[in-house]
Amino acid sequence: KNGLRIFLEPGQNSIPSNNLPNGIKLLNQTELNENIGLTGLKCGCDYQWPVIINCASVNEILAFKVEGRNNPPIELIMKATAGKLHPTRVMIILGKNAKLDLLEVNLGSEFSAQSHFLEIHISEGAELNHGWLSLGLGNSKSLSNLAITQEESSQYSLTSIQQGWLLGRLEPRIVQLKGNAQTTISGLQISSNQEQLAT
């Protein structure tokens, strides 16, 4: 089935809600205000300096809720501009028993810097398969933080690949709020010369 591809670019994150599949809904301002930062707070991210830099520099937040199990996969593409900082922030709420396949593609350019903060709340019985593909280029740097909270009987799977960054760091913080949840993390870093990559 067809997937949903979203490019996260400064000043261009507005997505018409009538273009979204039935099970995916953008949060309105009230819903955003009620939920923003809660997952990060529960995961202890709110005082981490990469998160503080992100929250201070980002101008837009992509925030949506997922319902049901027959949703198309979502691909988020973040491509940094050479010589600039590219901050992105995303918030996702998976409703009860919802299911989603999510792929984030993080692309660096010459002397670029990428700052990314992703908050996800996974409700009871929901399932998220999360892929993270992060490819740097020429002295590029990437600092990415994931804050994930899981309710009972939920499933979260993260598979990450990093390569090509002079400095690349992916920091997932995951909290099973009431236990009885399943979490799987797999990571691969491919480095050479002076590159420093970490999960």
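The values are calculated or read from the model by the stated rules, or taken from the named source; none is laboratory data. If you're wondering where the values come from, they're calculated on a predicted model, not measured in any experiment. Don't worry about glycine lacking a Cβ; one is built from the backbone with ideal geometry, like all the others, and counts go over all protein chains shown. Side chains included, ligands, DNA and RNA excluded: accessible areas come from the protein's heavy atoms. Shrake-Rupley method; radii C 1.70, N 1.55, O 1.52, S 1.80 Å.
What number do you get for the stretch 31-126 when its Cα radius of gyration is normalised by 2.2 N^0.38 Å, N = residues? Mind dumping the intermediate values first?
Details: Rg = 14.5 Å, N = 96, 2.2 N^0.38 = 12.5 Å.
Here the answer is 1.16, to two decimals.
Provide the solvent-accessible area of ARG173, counting protein heavy atoms only and rolling a 1.4 Å probe, rounded to the nearest 10 Å².
The accessible area of ARG173 comes to roughly 60 Å².
Could you state the principal axis extents of the C-alpha atoms in the chain, from the largest down, to the nearest angstrom?
For the chain, the Cα extents along the three principal axes come out at 45, 36, 36 Å.
Using the Cα centre as the reference, give the magnitude of the dipole from point charges on the C-beta atoms of the stretch 49-177 (Lys, Arg: +1; Asp, Glu: -1; all else neutral), rounded to the nearest 20 debye.
300
Among LYS42/LYS65; LYS25/LYS141; LYS96/LYS141; LYS42/LYS141; LYS42/LYS99; LYS25/LYS96, which pairs are too far apart, with a Cα-Cα distance over 25 Å?
With Cα atoms farther than 25 Å apart: LYS25/LYS141; LYS96/LYS141; LYS42/LYS141.
What is the sum of charges around PHE64, taking Lys and Arg as +1, Asp and Glu as -1, for the other residues whose C-beta is under 15 Å from the C-beta of PHE64?
Cβ neighbours under 15 Å give a net charge of -3.
Compute, for VAL58, the solvent-accessible surface of its heavy atoms (probe 1.4 Å) with the complete set of protein chains present, and express it in square angstrom to the nearest 10.
Here the accessible area works out near 20 Å².
Counting only heavy atoms of protein chains, what accessible area per residue, in Å², does the stretch 141-199 have with a probe of 1.4 Å? List each step's numbers first, then the result.
Numbers: 2960 Å² over 59 residues.
It amounts to 50 Å² per residue over the stretch 141-199.
Could you tell me which residue out of PHE111, VAL66, GLN29 lies farthest along the dipole of the stretch 26-123 toward its positive end? Charges go on the beta carbon: Lys and Arg +1, Asp and Glu -1, centred on the Cα centre.
The listed residue farthest towards the positive side: VAL66.
Students often check this: by mean Cβ neighbours within 10 Å, which of 45-55, 187-197, 110-120, 131-141 ranks highest, and how do the rest follow?
Peptide ranking by packing, descending: 110-120, 131-141, 45-55, 187-197.
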